[in-house]
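Every number in this text was worked out from the coordinates using simple rules, so none of it is lab data. A quick note: this is a predicted structure, and the numbers were derived from the prediction, not measured. In this analysis, Cβ positions are derived from the backbone assuming ideal geometry, glycine residues included, and neighbour counts consider all displayed protein chains.
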Amino acid sequence: MPPDLAKAFESVMPPSGGSTTWEFNTEDGQHTLQLVRDTLTLISRNYRRWEDFSGLFRGPFAALNELYSPQFYTRVGLRYRDIIQRSNLGLVERPWTGLLEPHVLAEIAQPGFEARTEEAFRNVLLKLPDQGAKVRLQHGFAEVEGSTEQVYLIDCDFFVERTEIANVDGALQYFHGNAARFFRWCISDSLHQAMEPGPVA
């Protein structure tokens, strides 16, 4: 860091050894940008579409590159945590076996298993075919705070380790495309239609 910039930071940063997290929120509180010593993270609590989300990230990411000029990133990732809550879709009476694909439900898809299953959760790490990328898939029954309704969580964490600056945008686009296909691979046609999909404007 240039000496003059270092002096400016000394007045607002804690002594070395501390770990400070800087948070910047949108006015509605639905998006948070977190900056830590070695991490830049954008969190969306109300994700609508990729174009909006990536647009919020590009400015801070460009500023980070301009200020510090890193040679590479040790990890680039994109994570989607989708919670399927049947009451929000008018599907309270529908069993999970009619909403999720059998290859996702595994044992629960067997006749009589769903009604007797109290807990189910899986954690799988998969290699993707391109860019040396991987995805950690975690999925299973979960609960929403303040509710006793059983929901289903599909958590996909796409990432690649040590990538050049020029490859970051391509990696994120690759993750986004695979995330959409991955989620669609998990759900049935009836659930897909209940979510009222539509074209991106």
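Here are the numbers for the structure shown:
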read-out	value
Packing-based exposure ordering (other Cβ within 10 Å, fewest first) of 104, 200	200, 104
C-alpha long axis of helix 50-68 to longest principal axis of the chain, angle in °	30
Likely footprinting exposure, 134, 127, fewest C-beta neighbours within 10 Å first	127, 134
Karplus 3J(HN,Hα) series, Hz, for segment 27-37 with 6.51 cos²θ - 1.76 cosθ + 1.60 (x for Gly, Pro)	4, 7, x, 8, 9, 10, 9, 10, 10, 10, 3
Approximate shape of segment 136-201 as ellipsoid semi-axes (Cα gyration tensor, √5λ), whole Å, largest first	28, 18, 10
Ranked 124, 151, criterion: other C-beta atoms within 10 Å, fewest first	124, 151
Which of 105, 121, 163, positive extreme of dipole for segment 100-183 (C-beta unit charges)	163
Computed magnitude of the charge dipole of segment 57-127 (debye, nearest 20; Cβ of K, R +1, Cβ of D, E -1)	300
The chain, helix-only ellipticity at 222 nm - DSSP H runs n ≥ 4, -39,500 (n - 2.57), divided by all residues, nearest 500	-9000 deg cm²/dmol
Volume per residue of the C-alpha convex hull in segment 72-195, rounded to whole Å³	120
Values of log10 I(q)/I(0), in the order q = 0.17, 0.24, 0.33 Å⁻¹, for segment 40-86 under a Debye, Cα-only, solvent-free model	-0.63, -1.02, -1.35
Cα-centre dipole for segment 90-193 with unit charges at Cβ (Lys and Arg positive, Asp and Glu negative), debye to 20	360
Point-charge dipole on Cβ atoms (K/R +1, D/E -1) for the chain, about Cα centre, debye to 20	420
Segment 121-143-segment 148-177 distance, computed between alpha-carbon centres (Å)	10
